[in-house]
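See below for the structure under consideration.
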Amino acid sequence: MEKTTVRFVVNNQSVEVSAIPSARLLDILREELDLTGTKEGCGQGECGACTVLLEGEAVNACLVLVGQVEGKRIETIEGLAQGSILHPLQQAFIDEGAVQCGYCTPGMVLAAKALLAENPTPTETEIRVAIAGNLCRCTGYTKIIKAIQSAAWRART
Amino acid sequence: MTFNWVGKPIPRQDALTKVTGEVRYMSDLTMPGMLWGRILRSPHPHALIRSIDISKAKAMPGVVVVLTHADIGGLNAYGIVIQDQPVLCSDKVRFAGDSVAVLAAETKEIADTALQLIEVTYELLPGVFDMHQALLPESPLVHEKGNILRHTAVTHGDISAGFAAADVIVERDYLTSRPMSAYLETEGGVAVVDERGLLTVYCGSQYPDRDATQIARAIGMPKEKIRVVGNPVGGAFGGKDEITIQIHLALLALASGRPVKLVLSREESVLTCWKKHPMHIRMKTGASREGDLTAHEVSIWADTGAYASLGGTILHSAIEHCSGPYRVPHTKIEGWSIYTNNSISGAMRGFGANQVTFAMETQMEILAESLGLDRLSFRVQNGLKDHDLGPLGNELVTAMGPVQTLQAAGATELWQHRAEYKAHPSRPWKKRGVGVAAAIKGCGLGFRMPDFGAASVELLPTGSFRVRVGCPEIGQGNSIAYAQIAAEILRCHVDQIEVITGDTGDTPESGTSTASRSIYAAGNAVLSAAQKMRSSLAAVFGSQEGEEVEVEIEIRENRVVGNGIDFSFAQIAAQLDSWGAGCLQIGRFDAPKAAAEIKGAYGLPHLVFGTNAHVVLVEVDTLSGQVEVLQAVSVSDAGRVINLQGLEGQSEGGTVMGMGYALLEDIIIEQGIVQNANFNSYILPTAVDCPPIETITVEVLEETGPFGAKGVGEVVCISITPAITNAIYDAVGVRITEIPATLERVLAGLSGAATFSAR
């Protein structure tokens with residue numbers, strides 16, 4: 001397949017990449033744009049380590065082809081903090097001890113961000129469902145759920 | 001005793017760059033001029049290699065190097081204990097996934113295509129896929145020396161007398177599954193050779209220093225010219241203790257003269273990762289009417305797969321832990337670690353203790369029921385105490401926590417009110433049950449292996465400190481614990497301690513981040529180095545030109561007061577620097593050993609043990625057989641807790657890992673071929689499957705540990721498994737003797753069918 005130019009917005013910055021349209025968004029982010037905060041865990045949409053926000057919606061970047069994002073807005077973990085000011089979810093993940101090896105963390109934080117954008121006052125069950133597509137092998141999810149609850153609470157007060 | 005830092009839930013220092021995505025794992029690294037590597041894997045579980053033709057692959061434009069066994073300069077083998085696993089197979093493959101060739105190319109795509117151009121002619125051999133069959137004389141041999149990697153028999157007391165004293169004897173067989181660590185970051189990294197000929201391998205690892213030893217031996221290069229950077233790592237759980245791809249990376253970088261990156265796909269990782277040993281365990285256990293265990297006879301068969309790695313050591317760990325946290329006066333234990341063509345088995349969190357504890361904790365339930373005793377009181381009555389004899393006859397001379405831990409489990413709200421918790425299932429066809437179980441797990445490497453920690457503490461010109469420890473941070477949180485230990489001794493803020501781990505070029509060799517040992521062994525080394533640093537700070541006072549003078553000092557909030565003088569850390573650093581005295585202190589801790597080795601059981605016993613108990617509420621769907629875990633309480637005896645948040649994190653994560661082991665996880669291998677090589681078919685617990693988990697700490701202080709700490713990285717995932725299967729019995733009366741307790745097995749039990757399958 002021939003390479004074409006694909007233009008989209010990542011973390012509020014316009015980018016232009018020359019790529020085969022069937023290239024995975026995951027590879028373009030990691031290898032062309034050096035945004036390695038987006039991780040690969042399974043390559044088949046089961047683990048959620050590659051979760052990014054596409055027009056605000058949490059998607060698995062391993063299942064999105066770069067040709068599909070022409071003109072779209074993408075947010076990766078690198079786009080959350082404003083300079084040294086962390087996003088409330090990031091701060092809550094630190095404070096609550098929701099990070100161990102950290103490999104699932106970017107995907108978890110972004111899945112949580114998509115949830116809170118749609119539902120600022122989720123129940124514990126709603127949080128569990130929202131991150132059910134994001135595997136974590138270290139934490140047992142307990143502190144991740146607490147962190148999301150805590151960030152939601154902080155946003156309300 | 002009150003502490004400034006020890007015991008506090010201090011957020012980890014590495015969390016910041018992990019939440020921002022800035023942290024670079026080894027598989028995130030890129031370098032200018034970097035090539036992409038691939039490994040050609042055998043599709044056959046057992047075959048002779050008749051020929052390997054790399055000419056077409058080599059001729060493909062963009063391919064830089066293609067290597068086979070012929071290109072290996074050193075020993076073409078690796079293995080922590082016995083080096084019987086080829087780096088690149090020469091004459092024979094022994095499991096589907098064995099490495100046959102490696103190549104590096106300009107792009108991933110070229111590497112993928114070129115891999116298809118390597119032509120290997122195999123002559124298929126009959127394989128051996130059942131460990132009992134592997135013991136038969138007519139079975140195919142995985143290795144010429146025979147299919148038994150290790151056979152060990154240990155007796156203590158008089159087993160006949162023990163059974164004669166029993167009023168009830170329970171004999172059962174148990175089968176356990178083959179789960180994998182399933183770290184989210186697959187094996188990956190980059191290797192590069194610099195202009196001075198120094199080889200650096202960046203690859204997630206639990207023991208970079210031993211990786212360097214194994215790389216050096218295989219490539220025939222002095223270890224001094226090899227640096228291994230092993231962290232940050234996206235999860236390990238035992239699976240990154242042994243070599244994974246480090247030697248392949250090294251070969252490619254040396255042959256190409258360029259940086260080479262290699263990252264396994266999940267499928268390739270599942271095929272080739274170290275899996276927990278499936279075991280067949282036969283237990284015959286006797287107890288008296290009064291509720292005392294009298295005898296325990298155990299046979300263990302462990303499927304170690306195609307190569308040795310730690311298979312023998314894991315068998316020994318199973319032997320040591322097969323009585324659970326209980327005192328038994330008469331034991332007879334025999335085990336076999338057996339080669340098969342079923343992938344490879346190795347270290348995974350729990351190291352042989354999970355399997356036997358599942359079996360023992362089921363035996364305890366059956367015994368209690370037969371004797372009409374309360375299942376928790378029966379456990380407490382038999383719980384190991386200080387100075388008891390362990391299952392192998394050795395005196396337990398360190399702080400034992402089973403009794404206190406079980407008592408705390410018994411005092412939980414869930415246990416106390418279990419009848420009420422069970423009374424109201426969510427649907428009429430569902431039933432609830434409450435289960436309890438306990439476990440111990442040795443901390444450290446046992447009797448024979450060198451077991452030490454080393455650390456340095458450096459006073460920096462800024463007045464802060466840098467702590468260096470070889471034990472990598474594998475996600476478990478040892479680095480924040482090191483910072484807290486140092487800050488406690490140095491009376492500074494924990495933020496003034498920077499911790500570096502897991503880099504042979506920068507950190508002192510401290511052994512491996514395995515065996516629940518890194519806080520105990522390396523934490524003690526940090527403690528020692530920090531104490532020496534305190535002394536060296538004192539030397540600045542009242543001394544001339546750095547001569548040692550005894551001065552009483554007091555450290556107060558980054559200032560040191562002595563002889564009526566008051567210096568900041570930064571001033572002391574400047575003073576020491578002006579004397580050329582240096583500001584680095586090294587601490588070392590040699591882990592104490594038991595008084596004697598258990599006869600015939602290399603490396604046993606362990607000296608220090610962590611304990612955990614779990615109380616769990618489950619709901620069983622009697623129509624589908626599905627088991628839901630509704631609530632879990634984990635009671636941990638870690639000795640002194642250094643970081644409460646970290647301990648809870650271990651406990652919660654361990655609970656869920658042990659829950660996956662109980663209910664879901666099993667690598668299915670048919671005729672040597674893995675059937676479920678990704679997360680669509682190998683199912684891990686998700687957030688919706690997991691219960692709320694409460695952690696209770698019981699601090700039975702161990703005087704040889706730093707501030708009294710022991711290790712619990714493994715034991716937290718052990719007791720949950722039998723607690724769940726015991727809860728299933730409590731709910732529906734189905735005794736689970738084969739894990740995972742799948743829907744089919746639970747349903748078969750409900751219908752009265754035999755649930756025990758031959759494996």
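The values are calculated or read from the model by the stated rules, or taken from the named source; none is laboratory data. Fair warning: this is a prediction, and the values are worked out from it, not measured in the lab. All Cβ positions, even for glycine, are placed from backbone atoms using ideal geometry, and neighbour counts span all protein chains on display.
Computed values, structure above
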item	result
Residue that is farthest from the other protein chains (Cβ to nearest Cβ) [pool: residues in the stretch A:94-107 that are surrounded by 24 or more Cβ atoms within 10 Å (Cβ to Cβ) and either assigned to a helix (DSSP H, G or I) or modelled with pLDDT under 95 (or both)]	A:G107
In the stretch B:477-525, the residues that are more than 21 Å from B:F237 (Cα to Cα) and part of a loop (DSSP other than H, G, I, E, B)	B:R491, B:C492, B:H493, B:G505, B:D506, B:T507, B:P508
Selected residue (only one of A:L135, A:L110, A:L80 is closer than 22 Å to B:G660 by Cα and either more than 8 Å from chain B (Cβ to nearest Cβ) or hydrophobic (A, V, I, L, M, F, W, C) (or both))	A:L135
Options B:A302, B:A295: the member that is touching a residue at least 60 places away in the same chain (Cβ under 8 Å), over 28 Å from B:V87 (Cα atoms) and in a strand (DSSP E or B)	B:A295
So B:E119, is it of a type in the set (D, E) and out of contact with any helix residue (DSSP H, G or I) (no Cβ under 9 Å at 6 or more places or on another chain)	no
Residues of the stretch B:399-454 satisfying the condition of being within 29 Å of the chain's Cα centre (by Cα) and among the basic types (K, R)	B:K441, B:R448
Entirely in the stretch B:572-685, the strands (runs of 3 or more DSSP E) that have 1 or more residues that are of a type outside the set (F, W, Y), more than 27 Å from B:T512 (Cβ to Cβ) and over 22 Å from the mean Cα position of the chain (by Cα)	B:608-621, B:627-637
Qualifying helices (runs of 4 or more DSSP H) (wholly inside the stretch B:72-174; at least 2 residues being touching a Gly at 6+ places or on another chain (Cβ under 7 Å))	B:108-117, B:159-164
Evaluation of A:V9 against (1) within 25 Å of B:E268 (Cα to Cα); (2) assigned to a strand (DSSP E or B) (one fails), failing number	(1)
Residue check, A:T142 more than 16 Å from the chain's Cα centre (by Cα) and at the interface with chain B (Cβ under 8 Å from one of its Cβ atoms)	yes
Search result, residues across the stretch B:686-701 that are assigned to a loop (DSSP other than H, G, I, E, B) and over 14 Å from B:E628 (Cβ atoms)	B:V698, B:E699, B:V700, B:L701
Failed item in (1) of a type in the set (A, V, I, L, M); (2) in contact (Cβ under 8 Å) with a residue 40 or more places away in the chain; (3) surrounded by fewer than 24 Cβ atoms within 10 Å (Cβ to Cβ), with B:M657 passing the rest	(3)
Residue satisfying all of: in the stretch A:31-64; under 19 Å from B:P232 (Cβ atoms) and of a type in the set (V, I, T); nearest to the chain's Cα centre (by Cα) among these	A:T38
Within the stretch A:113-132, considering residues that are surrounded by fewer than 24 Cβ atoms within 10 Å (Cβ to Cβ) and of a type in the set (V, I, T), the one nearest to the other protein chains (Cβ to nearest Cβ)	A:V129
Residue list for the stretch B:679-720, filter: within 14 Å of chain A (Cβ to nearest Cβ), β-branched (V, I, T) and more than 30 Å from B:I489 (Cβ to Cβ)	B:I683, B:T686, B:V688, B:I693, B:I720
Members of the stretch B:210-232 found to be of a type in the set (A, V, I, L, M), part of a helix (DSSP H, G or I) and farther than 20 Å from B:T514 by Cβ, listed by number	B:A216, B:A218, B:I219
Leading residue by the ranking (nearest to B:V434 (Cα to Cα)) among those in the stretch B:629-658 that are at the interface with chain A (Cβ under 7 Å from one of its Cβ atoms) and polar (S, T, N, Q)	B:T655
Among residues of the stretch B:711-759, those that are at pLDDT below 95 and out of contact with any Ser or Thr (no Cβ under 8 Å at 6 or more places or on another chain), counted	7
Test: residue in the stretch B:151-173 that is closer than 30 Å to B:P86 by Cβ and surrounded by fewer than 17 Cβ atoms within 10 Å (Cβ to Cβ)	yes
Condition met for B:T331 (touching a Phe, Trp or Tyr at 6+ places or on another chain (Cβ under 9 Å) and either closer than 22 Å to B:L384 by Cα or not assigned by TED's automatic domain parsing to the domain that holds B:P86 (or both))	no
Subset of the stretch A:23-75 (residues that are surrounded by fewer than 24 Cβ atoms within 10 Å (Cβ to Cβ), among the polar types (S, T, N, Q) and within 12 Å of another protein chain (Cβ to nearest Cβ))	A:T36, A:Q44
Qualifying residue in the stretch A:33-46 (condition: modelled with pLDDT of 95 or more and in a helix (DSSP H, G or I))	no
Top-ranked residue in the stretch B:195-237 [being of a type in the set (S, T, N, Q) and buried (at least 24 other Cβ atoms within 10 Å of the Cβ); ranked as nearest to the other protein chains (Cβ to nearest Cβ)]	B:N231
Qualifying positions in the stretch B:378-398 - within 25 Å of the chain's Cα centre (by Cα) and of a type in the set (A, V, I, L, M, F, W, C)	B:L384, B:L392, B:L396, B:V397
Residue identified as closer than 27 Å to B:D194 by Cα and within 14 Å of chain A (Cβ to nearest Cβ) among B:R24, B:R38	B:R24
Number of positions in the stretch B:557-604 that are free of Cβ contacts under 8 Å to residues at least 24 places away in the same chain and of a type in the set (V, I, T)	2
Boolean, B:G33 is under 24 Å from the mean Cα position of the chain (by Cα), modelled with pLDDT of 95 or more, on the phi > 0 side of the Ramachandran plot and more than 14 Å from chain A (Cβ to nearest Cβ)	no
Selection status of B:G711, assigned by TED's automatic domain parsing to the domain that holds B:A438, under 27 Å from A:A147 (Cα atoms), within 22 Å of the chain's Cα centre (by Cα) and not in a helix (DSSP H, G or I)	yes
Meets criteria (part of a helix (DSSP H, G or I), farther than 24 Å from A:S150 by Cα and free of Cβ contacts under 8 Å to residues at least 24 places away in the same chain) for A:E16	no
Flag if A:Q91 is within 10 Å of chain B (Cβ to nearest Cβ), surrounded by fewer than 24 Cβ atoms within 10 Å (Cβ to Cβ) and either closer than 27 Å to B:F237 by Cα or polar (S, T, N, Q) (or both)	yes
